[in-house]
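One structure is given below, encoded as structure tokens.
The values are calculated or read from the model by the stated rules, or taken from the named source; none is laboratory data. Nothing here was measured: the structure is a model prediction, and the numbers come from that model. Note: ideal-geometry Cβ built from the backbone for every residue, glycine included; neighbour counts use all protein chains shown.
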């Protein structure tokens with residue numbers, strides 16, 4: 001056939017295919033589009049609030065319908081679905097209800113929702129209900145139980161570990177933080193036909209009864225939860241990932257990790273010591289007498305450094321050494337020209353991550369006027385605030401960086417922790433950042449500056465840099481022994497009537513101890529488990545913010561290690577090997593928070609379009625915004641030519657922040673066929 005005839009034939013075939021759809025194309029049009037958004041029907045209860053918090057914190061878009069709002073939309077077929085370009089569209093990929101019949105069992109809204117779920121195969125979570133045949137369970141009187149669950153030893157079943165809760169090892173103990181208060185209540189029922197248990201507990205008379213499970217019936221699937229919870233309880237936080245995976249059938253926007261990193265501030269510097277007689281720290285402005293570091297300061301030794309290196313190796317966890325090189329040089333000068341601690345840390349330098357903490361740890365905000373307690377910002381003759389200069393701040397950053405480079409220490413110049421987070425606003429005395437700070441950061445290429453999460457939990461800009469909020473751990477900077485720690489803790493958290501400062505009485509965010517801790521045992525019995533519980537709560541809440549302590553906590557009695565050991569042990573006992581702790585450095589935390597802020601803004605502005613048609617997922621976001629996506633193992637990303645494995649394996653799924661490839665307007669993923 002001549003080339004011209006062959007070309008004409010191909011063109012005609014192409015036109016015919018365009019004008020007259022094939023039977024296969026017509027069949028494809030019936031495959032519905034499922035938008036990657038969750039419908040949340042909210043009754044104001046803690047269970048729906050908890051699930052909503054998980055969606056929000058992991059970046060899963062949702063639409064909330066408030067049952068208490070008289071102007072809320074009515075749940076109808078038109079509210080739930082429509083057509084797009086002739087294709088049926090389900091507007092929600094999953095539904096969260098307070099319980100199985102939130103609108104009333106015989107209501108038009110419940111009927112519309114039921115029909116929608118049947119038509120499109122949409123799963124429904126019953127956030128909190130009781131055990132009864134309507135949700136696939138026997139009544140609790142038929143071999144189950146009801147009542148408080150505090151301290152109950154539940155277990156993820158084999159079906160749960162093979163399915164949505166594959167990130168868990170199996171055992172799951174309900175919290176019991178105060179024996180005098182009932183913290184959890186639930187109904188455990190024995191499964192009926194169509195019900196698959198995912199979490200159960202042993203019951204009297206033998207056997208086990210379910211607390212979470214899937215009830216498949218009448219062409220629908222419900223995840224039935226029969227215990228009360230809130231967003232802060234450990235049992236919910238451990239299960240939350242699996243609830244979302246079940247709800248979204250493993251395909252959703254957003255991603256979640258278990259983050260844990262610990263900054264050790266003041267490395268190479270001595271820290272002042274708490275005085276149990278004066279109930280203050282000599283050297284502080286509000287402590288009469290003493291000269292701070294001159295009164296028996298706390299500082300690591302070479303042996304402490306060797307212990308830290310050995311602990312890291314045995315625990316499989318890396319610490320961030322936040323160092324002051326100039327303080328080490330000063331110590332060396334004052335102690336015969338040698339510093340065994342610095343020598344040991346430098347010898348082991350490759351075993352740690354290092355973060356610039358300024359050369360000599362000065363206060364870099366306003367010039368402090370210490371003539372009053374509390375201190376004030378000094379003023380000039382015209383009443384203007386006096387500020388630490390740009391050259392001083394820049395020199396502190398530069399000199400400390402250069403010190404590390406000269407010692408062969410690998411340090412990222414984009415990361416910085418200033419002493420006491422100074423330079424940033426410090427309320428109530430300093431209501432704004434030092435105006436010279438942003439320029440000094442730019443002088444040194446700093447992009448990520450640490451802030452105190454207890455004061456500023458949100459990331460913000462400082463010139464061209466961004467803050468990285470850090471969680472302070474309640475292991476104090478000015479103690480080297482457990483007894484010192486318990487004594488200072490008593491002073492802060494004991495009422496005046498019991499000999500304390502009474503700070504806990506005047507601060508609404510604090511709770512006073514019922515009685516002072518025994519200084520010989522109180523650290524191990526009370527403070528360690530409490531601080532480990534707090535840190536673990538951050539970890540399981542998809543919170544990437546670092547925690548920070550001080551070098552004094554690795555010295556003398558090395559009181560930090562019991563807290564870290566318990567955090568690591570508790571986490572590893574709860575989570576499967578496929579869900580390891582992620583130990584990010586400061587720049588990575590900053591990048592994560594920055595991406596989340598841009599993503600949340602795009603969602604709030606309605607600028608994200610994401611849907612699934614069969615085994616194809618399409619995500620469109622504004623230019624410059626990367627999208628977090630979680631999908632099953634085996635998913636591939638569509639390239640201009642061919643495909644590539646998508647994302648990183650975590651918790652039995654694949655996930656990543658991603659954007660379209662060059663010449664693409666959307667991210668397209670190919671899901672594995674079942």
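Under the condition of being out of contact with any helix residue (DSSP H, G or I) (no Cβ under 9 Å at 6 or more places or on another chain) and not in a strand (DSSP E or B), which residue from the stretch 191-230 is surrounded by the most Cβ atoms within 10 Å (Cβ to Cβ)?
For the stretch 191-230, the residue satisfying everything is 203.
Kindly check whether there is at least one residue in the stretch 105-120 that is touching a residue at least 24 places away in the same chain (Cβ under 8 Å) and in a loop (DSSP other than H, G, I, E, B).
No, there is no match, as no residue in the stretch 105-120 is touching a residue at least 24 places away in the same chain (Cβ under 8 Å) and in a loop (DSSP other than H, G, I, E, B).
So which of 111, 90, 131 ends up being more than 30 Å from residue 205 (Cβ to Cβ) and out of contact with any helix residue (DSSP H, G or I) (no Cβ under 6 Å at 6 or more places or on another chain)?
111
For the stretch 502-546, how many residues are without any contact (Cβ under 8 Å) to a residue 12 or more places away in the chain, assigned to a helix (DSSP H, G or I) and within 23 Å of the chain's Cα centre (by Cα)?
Residues meeting the conditions: 0.
Looking at the stretch 376-414, which of its residues are more than 23 Å from residue 446 (Cα to Cα) and not in a loop (DSSP other than H, G, I, E, B)?
376, 377, 379, 385
Residues that are at pLDDT 95 or above and either assigned by TED's automatic domain parsing to the domain that holds residue 161 or surrounded by fewer than 19 Cβ atoms within 10 Å (Cβ to Cβ) (or both): list the strands (runs of 3 or more DSSP E) wholly contained in the stretch 560-657 that include at least 2 such residues.
In the stretch 560-657, 609-613, 616-620, 643-645, 648-650 are the strands (runs of 3 or more DSSP E) which contain 2 or more residues that are at pLDDT 95 or above and either assigned by TED's automatic domain parsing to the domain that holds residue 161 or surrounded by fewer than 19 Cβ atoms within 10 Å (Cβ to Cβ) (or both).
Report the residue count in the stretch 68-85 for those that are at pLDDT 95 or above and either surrounded by 15 or more Cβ atoms within 10 Å (Cβ to Cβ) or closer than 24 Å to residue 610 by Cβ (or both).
Looking only at that region, the number is 11.
Given the options 429, 459, name the one that is in contact (Cβ under 8 Å) with a residue 40 or more places away in the chain and under 16 Å from residue 363 (Cβ atoms).
Within the list 429, 459, the selection yields 429.
Please go through (1) closer than 16 Å to residue 228 by Cβ; (2) touching a residue at least 40 places away in the same chain (Cβ under 8 Å) for residue 163 and return the number of the only condition it doesn't satisfy.
(1)
Determine whether residue 373 is in contact (Cβ under 8 Å) with a residue 24 or more places away in the chain and in a loop (DSSP other than H, G, I, E, B).
In short, yes.
Can you tell which of 121, 147, 104, 151 is closer than 20 Å to residue 37 by Cα and surrounded by fewer than 18 Cβ atoms within 10 Å (Cβ to Cβ)?
None of the others qualify; the one that does is 121.
I need the full set of residues from the stretch 41-62 which are more than 22 Å from the chain's Cα centre (by Cα) and within 20 Å of residue 246 (Cβ to Cβ), in order please.
Within the stretch 41-62, 41, 42, 45 meet the criteria.
Answer yes or no: is there a residue in the stretch 433-445 that is more than 21 Å from residue 359 (Cβ to Cβ), out of contact with any strand residue (DSSP E or B) (no Cβ under 6 Å at 6 or more places or on another chain) and not in a strand (DSSP E or B).
The answer is yes; a qualifying residue exists.
Is it true that some residue in the stretch 549-561 is touching a residue at least 40 places away in the same chain (Cβ under 8 Å) and under 22 Å from residue 256 (Cβ atoms)?
No, the stretch 549-561 contains no residue that is touching a residue at least 40 places away in the same chain (Cβ under 8 Å) and under 22 Å from residue 256 (Cβ atoms).
Can you report the number of residues in the stretch 13-56 which are surrounded by fewer than 22 Cβ atoms within 10 Å (Cβ to Cβ), in contact with a strand residue (DSSP E or B) (Cβ under 7 Å, 6 or more places away or on another chain), modelled with pLDDT of 95 or more and assigned to a helix (DSSP H, G or I)?
Matching residues across the stretch 13-56 total 1.
Check whether at least one residue in the stretch 126-143 is closer than 30 Å to residue 649 by Cβ, surrounded by 16 or more Cβ atoms within 10 Å (Cβ to Cβ) and in the same structural domain as residue 202 (by TED's automatic domain parsing), and report yes or no.
yes
From 277, 293, which residue is assigned to a helix (DSSP H, G or I) and modelled with pLDDT under 95?
293
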